[in-house]
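Before any comments, here is the structure.
Rule-based calculations on the coordinates, nothing more; no lab input. Worth saying up front: this structure is predicted, and the values here are computed from it rather than measured. Because the Cβ atoms are built from the backbone with ideal geometry, glycine has one as well, and the counts that use them run over all protein chains shown.
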Amino acid sequence: MAAKNIMHSQQTVELVKSCDDALVQKILELEKRCFPKEWLYDEGFEYYSKALAIKENINLLLREDGKIVGYLLAVPLGPRRPPKIPQSWPLENPPAKRLNKGF
């Protein structure tokens, strides 16, 4: 496979405000190309149709030259408000180190 010069491609991020069957099918096709068969949802069409229709969810598409090349389906866990992000993590106890130890 030839390397693509990304300097000449146009990438855009699109907020999904509504969906149709064609969009769901494109997401499923992308999943099949990106993930092992064992990771795919058996009821993928129903799952993504419902997830994309929920107005509270954050649904984004990444397009390259108009073609869908990535997506994000995020479900807010609580009331929408900006997350509290520390200015910096202490080097002796970064988040990844804490997560590996458990809580």
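Below are the figures for this structure:
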| quantity | calculated |
| --- | --- |
| Where GluC sites (Glu not before Pro) fall in DSSP loop in the stretch 22-82, at most 14 other Cβ within 10 Å | E43, E56 |
| Candidates per chymotrypsin sites (Phe, Trp or Tyr not before Pro) in the stretch 26-71, loop by DSSP, up to 15 other Cβ within 10 Å | Y41 |
| Diffusion coefficient, µm² s⁻¹, Stokes-Einstein with Kirkwood Rh over alpha-carbon pairs of the stretch 10-74 at 20 °C and 1.002 mPa s | 176 µm²/s |
